[in-house]
Amino acid sequence: MNSSLRKWGLRSFAAIALSFFAVQASYATIDLYKFDSPEQEQQFKELGQTLRCPKCQNNNIADSNAELAQDMRHKVYEMTKAGKSDEQIVDYMIDRYGNFVTYDPPLTVGTLILWLGPLSVLIFGFGFIVLRSRKSKVITEDNSEKWDNEHEDRLNALLDENNNEDGKVNK
């Protein structure tokens with residue numbers, strides 16, 4: 001009975017493993033596209049590498065397996081077959097998904113803030129540090145002048161007084 005149980009367990013494990021691999025293979029389907037000319041095929045490949053998948057962040061639509069990327073590839077294929085130019089296809093994708101679908105977004109107020117914001121913070125911080133260090137030097141110099149001018153006579157008077165008292169005790 002023990003050996004039959006092992007055979008059953010081994011068979012069920014093999015069946016589960018095979019079904020798992022079969023399911024994985026169905027997800028790895030490859031889209032086959034037929035083009036009228038090699039130029040259209042080249043345009044499709046270049047646009048697949050140029051356009052970014054909005055769901056996958058840093059994958060292009062050619063490398064992504066997301067449903068959104070598949071839809072975008074299909075739309076690029078349709079527009080390529082219809083004879084649309086690269087600019088028309090990219091403009092359509094930008095209108096539909098935003099500037100994020102391109103790896104080289106145009107210069108807008110939003111992107112300008114993203115580039116210049118950290119730079120301005122660094123410049124402001126460095127300027128603040130320089131001004132604070134200069135201000136503390138000026139304050140230190142002012143205090144030392146004030147000490148030299150105002151307190152020097154008093155210090156000398158105290159020293160003279162101390163010397164006179166010592167002199168009286170010694171006599």
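The values are calculated or read from the model by the stated rules, or taken from the named source; none is laboratory data. It should be emphasised that the depicted structure is a prediction, and the values quoted were computed from it without experimental measurement. Cβ sites come from the backbone with ideal geometry, for glycine too, and all protein chains shown count toward neighbours. With ligands, DNA and RNA removed, areas are computed over all heavy atoms of the protein, side chains included. Shrake-Rupley method; radii C 1.70, N 1.55, O 1.52, S 1.80 Å.
Which percent of Cα-Cα pairs in segment 89-133 sits in each 5 Å bin, short to long?
That works out to 5, 20, 16, 15, 11, 9, 8, 6, 5, 3, 2, 0, in percent per bin.
Which residues' amide hydrogens lie under 5 Å from the amide hydrogen of Thr102, considering only partners 5 or more residues apart or on another chain, with H built in the peptide plane?
Long-range HN contacts for Thr102: Arg52.
5 Å is the cut-off here: which amide hydrogens, built 1.01 Å from N in the peptide plane, fall below it relative to Asn60, excluding neighbours closer than 5 in sequence?
Distant-sequence amide H within range of Asn60: Cys53.
Measuring from centroid to centroid over Cα atoms, what is the spacing of segment 97-116 and segment 46-82 in Å?
A separation of 19 Å, based on Cα centres.
Taking θ = phi - 60°, what integer Hz values does the Karplus form 6.51 cos²θ - 1.76 cosθ + 1.60 yield along segment 44-60, in sequence order, with x for Gly and Pro?
Going residue by residue, I get 4, 5, 5, 5, x, 7, 7, 8, 9, 6, x, 7, 8, 6, 10, 9, 7 Hz, with x marking Gly and Pro.
For segment 38-97, what does the accessible surface come to per residue with a 1.4 Å probe? Please give it in Å².
60 Å²
Can you tell me which of 40-49, 69-78 comes out highest on packing, and rank the rest after it, using the mean Cβ neighbours within 10 Å?
In descending order of packing, they fall as 69-78, 40-49.
Could you give P(r) for segment 38-97, binned at 5 Å from zero, as whole percent values over all Cα-Cα pairs?
Result returned by the calculation: 4, 22, 34, 26, 12, 3.
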